[in-house]
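Working notes for the structure below.
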Amino acid sequence: MDTENTMNKFLAGLMLGAILLLLEAPVVVYADTPAEDISKTVATLDAEFFDAYNRCDLEKLASFMDEHVEFYHDKGGVTWTRQDVVDGVKRNICGKVRRELVEGSLFASPIKDFGAFETATHRFCLIDTGKCVGIAKTAMLWRLKDGKWQMTRIFSYDHQPLNGDSEH
């Protein structure tokens with residue numbers, strides 16, 4: 001039941017974050033973690049993670065994820081481990097697609113005594129043509145443990161084609 005209770009709390013937090021985004025509510029700030037610090041930290045983490053993703057630096061990419069990361073993809077299903085996520089990126093992304101953050105879409109909120117919650121929108125662009133063909137949303141749960149930030153949950157959802165074709 002501990003796993004079910006933990007998942008219920010996580011899903012409730014995820015829903016609250018989505019509701020706050022929809023309402024354009026101010027970021028909740030805890031006294032020990034200023035929102036501007038979390039926003040800067042998460043923006044840097046996001047940029048570094050997706051730089052590794054775009055360059056297919058799989059070792060660096062893996063370093064941003066907990067060994068038991070859960071990755072939920074609306075088109076591809078669930079992936080349960082860091083190695084499986086890395087293998088999926090190698091198989092489906094490397095040399096084919098790059099990710100572009102939609103300017104102004106990144107939102108980060110602190111989670112007391114844990115880390116941060118991030119949402120963003122991104123476009124997927126074909127490497128061979130440079131044409132952006134898809135858009136999607138992402139939500140990531142970042143944990144700060146022993147001075148190191150790692151993702152424990154990743155959601156990639158609401159994939160839509162741009163100009164009529166793609167489901168990356």
List every residue pair whose Cβ atoms lie under 8 Å apart, where the two residues are 6 or more positions apart in sequence or sit on different chains, the first residue falls within segment 73-88 and is within 12 Å of residue 154 (Cβ to Cβ), and the second residue, located anywhere, is of a type outside the set (Phe, Trp, Tyr) and assigned to a loop (DSSP other than H, G, I, E, B). 88/76
Any hit, segment 102-120, residues being part of a strand (DSSP E or B), farther than 19 Å from residue 37 by Cα and under 16 Å from the mean Cα position of the chain (by Cα): no
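To keep it simple, each residue is scored yes or no on (1) of a type outside the set (Phe, Trp, Tyr); (2) farther than 23 Å from residue 126 by Cβ; (3) surrounded by 14 or more Cβ atoms within 10 Å (Cβ to Cβ).
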residue: 64; (1), (2), (3): no, yes, yes
residue: 67; (1), (2), (3): yes, yes, no
residue: 71; (1), (2), (3): no, no, yes
residue: 75; (1), (2), (3): yes, no, no
residue: 82; (1), (2), (3): yes, yes, yes
residue: 89; (1), (2), (3): yes, no, yes
residue: 92; (1), (2), (3): yes, no, no
residue: 95; (1), (2), (3): yes, no, no
I need every pair where a residue in segment 35-53 that is at pLDDT below 95 has its Cβ under 6 Å from the Cβ of a residue that is assigned to a helix (DSSP H, G or I) and not basic (Lys, Arg), sequence separation at least 6 or different chains. none
Looking at (1) touching an Asp or Glu at 6+ places or on another chain (Cβ under 8 Å); (2) within 21 Å of residue 60 (Cβ to Cβ); (3) of a type in the set (Gly, Ala, Ser), find the lone condition where residue 139 falls short. (2)
Could you tell me which of the residues 162, 106, 141 is surrounded by 13 or more Cβ atoms within 10 Å (Cβ to Cβ), at negative phi and modelled with pLDDT under 95? 162
Exactly one of these conditions fails for residue 27: (1) modelled with pLDDT under 95; (2) out of contact with any helix residue (DSSP H, G or I) (no Cβ under 8 Å at 6 or more places or on another chain); (3) of a type outside the set (S, T, N, Q). Give me its number. (2)
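Tell me which residues, restricted to segment 56-87, are charged (D, E, K, R) and assigned to a strand (DSSP E or B).
Residues satisfying the conditions are 66, 67, 70.
Per-residue answers, yes or no, for (1) over 16 Å from residue 143 (Cβ atoms); (2) within 13 Å of the chain's Cα centre (by Cα); (3) not small (Gly, Ala, Ser):
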site	(1), (2), (3)
53	yes, yes, yes
57	yes, no, yes
62	no, no, no
69	no, yes, yes
73	yes, yes, yes
77	yes, no, no
84	yes, no, yes
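The values are calculated or read from the model by the stated rules, or taken from the named source; none is laboratory data. Predicted, not measured: the structure shown is a model, and the values here were computed from it. As a convention, Cβ positions derive from the backbone with ideal geometry for all residues, glycine included, and neighbour counts pool all protein chains shown.
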